[in-house]
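Notes follow once the structure below has been shown.
Where a number appears in this text, it was derived from the coordinates with a stated rule and is not lab data. Predicted model only: the values in this text are computed from it and were never measured. Here Cβ is always computed from backbone atoms with ideal geometry, including for glycine, and neighbour counts include all displayed protein chains.
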C-alpha cells in the first residue's frame, strides 16, 4: 500500500460540510487553465473562479456550459511552457511470479524502476503541476508495449501510447514519452497494447500530479488501486478469456492487504483508482468520509458518504478521519470479497485507529480478532496421540490443537445440522496447495460433510497443520505432527 505521511507543523481539524463550500476546501486541487498555451501559468485565484463558474451548485445551466466552453479541457501544451522542474523516469517491464493471496502465486507483467523490484501495481510516479515529465519505457519484456497516461489532457498524440495512432515499443527497444503536467490530480499509467490482456497481467500504476500551493489538511496520503485477477491465467494460453476469482487492493487480496492505520487525531487522503474491469462499491464500517475530487477534478459540492462506487477507470479523492477501534473497509458488491469463492477475502482491508473502546467508552485491554487462532496451549503440555477421533460440534472443532505421532489417522465427525469441511491452510489458499481437504476441490469436487458424516486423513509428514471450515472460516484448529 502506498502510504505517504505528511509532516506539518500545524493541522486545522475542522468539520467539513458538503454544502457548496466546494473547491475552496482543497484550493490546490484546481488548476485547469483557460487555454492550452496558458495551462500552467494560470493563477490559483483564476483557477478557483473558473471552478466555481464551471460547476458551482448554484450556477445556471448556461453559466456552467459557458464555463466549460471557455475552460482548458485538453490540448498539447508545448514543452517550452513548462514552469517547473524536468522530471525523468525509466520504467522496465518484467515477467514475475507473485503471491496475491496465501499460497496463490500468479504470473504478472510488472513495471519497475531500473535496479528495483518490479511490482503490480507499478511504482507510483509523483510530479508537481508545471513540471516537464519524461518517462522512458525500456521494454525488457517479450511482448510489444506502450505507456498511456490515463487522465493526462496536455499530452501530444504521439505520446498518448495508443499504437494505431502513435507507436508501440518492441522488445529490446525504448521510447521516451514527454508531457507538461498541466492538470493536477490522481491519474494512472498503463500499457495500451492489446489492452484487455496486458491490463489483466498488471501493467498499470498511479501517476499523481500534485497541485501548486495545495492546502494540505491530511497527515497520510494513501493510494488504493482496485483490480480483479484470474489466478489460472497464463501467457501460454492462445486466447485470454479470464474468469476472475481474486479481487485485489494494491495487488493483494485479503488477508494479505495491509491494515490502514489512521490515528484518532489524524486525517488521511485516500486516492481510489479502479484499474480493473468491474465496478466496486467501497463501504466503510464505523465512520464516514468526504468525497472531494473525481478523476482529478475538485467537486463543486464535496459530499459525505460511507459507500463509494468506483467504476472502471475512475479516480476519487476521499478524506477520512481516524477513530477508535478497527473497522472493515470492503467492497459491498460481496461477490468481490471472496478468494476463489471463499469468504472472507478479496477487496477487504481493516482501518485501525486508537485503542478499542467498549460501549461505555472505556478502553478494552485486548483487541478481538474472530478469525485468529485462540491462544494455543504450550506444545509440551499436549499429550502425543495416535489415531484420534474428533467431533465438529457447535460450529467448532472439538479440540483446537492436538499433537499426534507421524502415521496417525485423525477422523472428524460432523455433529451439527449445518454442513462443514475440514480444509488445511487459510481461507483463500489455492486448492492445489492444501495438504488435506475433505471437499476434494483440488480434483474438481465439492463434497460437504453433512450431519453424521465422517472424514479421515493420515498424517505421514511431520509438521504443523492449520485447518478451517470453508463455509465458516472462523472455525480454525491446528494439528502438530511429530
Roughly what % of DSSP beta bridges within the chain run antiparallel, to the nearest 5?
-> 70
Per-residue [θ]222 nm for the chain (sum of -39500 (n - 2.57) over DSSP H runs n ≥ 4, rounded to 500) | -1500 deg cm²/dmol
Counting DSSP beta bridges in region 379-481, what percent are antiparallel, to the nearest 5?
-> 60
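Fully extended, how many nm does the chain gain between residue 167 and residue 417 (0.36 nm per residue separation, minus their Cα-Cα distance)?
On the way: separation 250, 0.36 × 250 = 90.00 nm, distance 6.28 nm.
Extra length available between residue 167 and residue 417 comes to 83.7 nm.
Let me have the relative contact order for the chain, percent, based on Cα pairs under 8 Å that are six or more residues apart. Numbers along the way, then the final one.
On the way: 1247 pairs, mean separation 61.9, N = 482.
Answer for the chain is 13 percent.
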Could you pull the Rg and Dmax for region 379-481, using just the Cα atoms, both in Å?
-> 12.8, 40
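Would you mind putting 232-242, 291-301, 448-458 in packing order, based on average other-beta-carbon counts within 10 Å, highest first? Present the calculation step by step, with values, prior to reporting the outcome.
Details: 232-242: 10.7, 291-301: 20.5, 448-458: 14.8.
Taking the mean over residues of other Cβ atoms within 10 Å, the ranking is 291-301, 448-458, 232-242.
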Radius of gyration, Dmax [region 427-482; alpha carbons; angstrom] | 11.8, 31
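For each of 397, 254, 327, count neighbouring Cβ atoms within 10 Å of the residue's Cβ, then give the residues from fewest to most.
Numbers: 397 22, 254 27, 327 15.
Listed from fewest to most nearby Cβ atoms, that is 327, 397, 254.
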0 to 90° range, to nearest 10: angle between helix 61-70 axis and the chain longest Cα axis = 80
With axes computed from alpha carbons, what is the tilt in degrees of helix 44-55 against the longest principal axis of the chain, rounded to the nearest 10 within 0 to 90?
-> 70
Using only the Cα atoms of region 96-150, each taken as one equal point scatterer with no solvent, compute I(q) by the Debye sum, divide by I(0), and report log10 of the ratio at q = 0.17, 0.20 Å⁻¹.
-> -0.70, -0.90
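Evaluate Rg over Rh across the chain, taking Cα atoms for both radii and Kirkwood's formula for Rh. Could you put the intermediate results ahead of the total?
Details: Rg = 26.2 Å, Rh = 25.1 Å.
Checking Rg against Rh, the ratio lands at 1.04.
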With a 10 Å Cβ neighbour count serving as the proxy for reagent exposure, in which order, fewest first, do 260, 382 appear?
-> 382, 260
How would you rank 278-286, 357-365, 157-165, highest first, on the average number of other Cβ atoms within 10 Å across their residues?
-> 278-286, 157-165, 357-365
